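*Asks:* I have a structure here, written as structure tokens, and I will follow up with some questions on it.
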Amino acid sequence: MTVINDVDIDALRHSTKTLRTDPTVARATFTVDGSWQGGYRITTRTGALTQGGERDGTRVAKFAMTSDEPVAALGTDTAPTPAEYVLHALAGCYTVTITTHAALQGIALKGIRLSLEADIDMRGFLGIDPSVRPGLQQIRVDVDLDATREQLEELIALVQKRSAIRDTLANPVDVVTTLM
């Protein structure tokens, strides 16, 4: 077994080969279920993962995530904000993308450090100014990797192209909301 960056390269290459020969296995659906906790608090729990048409129920309620708002935003500051979860999701996806592509290229990383910031104008969320979008206006990511400059540039280019969460944030996604 070949391991680089704590990634089993043989298993990764096998998975890549499987996905190439059977694209249906590449399709996955993630789910979470949430319950309001009062005020601005919600707790969500992971749901079943469906991959390649197969439902994996072992993740149902395996992990819980709670969000709130800071006191300055009239919350109780008991958990990260939804915006901080977005930044966390992006940081996590950058880490997966960098680690995977570095390992495939034989680059042994000694460390990854990410610093993320996001700007929001609350006038859009509150409907005070209809010209202001309610979402994040800009996300900035600083990446610090222990690799050569050439390797860094190549890995960052791959992150820009291959990070699923970055793509989700940078491009329109069809969000369907249904009243039950």
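The values are calculated or read from the model by the stated rules, or taken from the named source; none is laboratory data. Fair warning: this is a prediction, and the values are worked out from it, not measured in the lab. Neighbour counts are summed over all protein chains in view; Cβ atoms, including those assigned to glycine, are modelled from backbone coordinates with ideal geometry. All accessible areas refer to the heavy atoms of the entire protein, side chains included, with ligands and DNA or RNA removed. Shrake-Rupley method; radii C 1.70, N 1.55, O 1.52, S 1.80 Å.
*Asks:* Could you list all residues from region 97-122 that are closer than 19 Å to Asp144 by Cβ, without any contact (Cβ under 8 Å) to a residue 60 or more places away in the chain and hydrophobic (A, V, I, L, M, F, W, C)?
*Replies:* Ile112, Leu114, Leu116, Ala118, listed by residue number.
*Asks:* Sticking with this structure for a sec: Would you please name the residue that is most open to solvent (accessible area, probe 1.4 Å), looking only at residues in region 105-162 that are of a type in the set (Ser, Thr, Tyr) and under 28 Å from Asp8 (Cα atoms)?
*Replies:* Selected residue: Thr148.
One line per residue, one yes/no per condition, for (1) open to solvent by less than 80 Å² (accessible area, probe 1.4 Å); (2) in a strand (DSSP E or B):
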site	(1), (2)
Thr16	yes, no
Val25	yes, no
Ser35	yes, yes
Thr50	yes, yes
Glu84	no, no
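*Asks:* If a residue must be open to solvent by 70 Å² or more (accessible area, probe 1.4 Å) and of a type in the set (A, V, I, L, M), how many such residues does region 1-14 contain?
*Replies:* 2
*Asks:* Right, here's the next one. Please tell me if Ala79 is open to solvent by less than 60 Å² (accessible area, probe 1.4 Å), modelled with pLDDT of 95 or more, within 21 Å of Leu136 (Cβ to Cβ) and among the aliphatic types (A, V, I, L, M).
*Replies:* Judged against the criteria, Ala79 is a match.
*Asks:* Please verify whether Ile139 is under 16 Å from the mean Cα position of the chain (by Cα), under 28 Å from Thr29 (Cβ atoms) and outside any strand (DSSP E or B), treating the condition exactly as stated.
*Replies:* When the stated conditions are applied, Ile139 does not pass them.
*Asks:* So, one more: Which numbered condition in (1) β-branched (Val, Ile, Thr); (2) open to solvent by less than 90 Å² (accessible area, probe 1.4 Å); (3) out of contact with any Phe, Trp or Tyr (no Cβ under 7 Å at 6 or more places or on another chain) is the only one that Val175 fails?
*Replies:* Going through (1) β-branched (Val, Ile, Thr); (2) open to solvent by less than 90 Å² (accessible area, probe 1.4 Å); (3) out of contact with any Phe, Trp or Tyr (no Cβ under 7 Å at 6 or more places or on another chain) one by one, Val175 breaks only (2).
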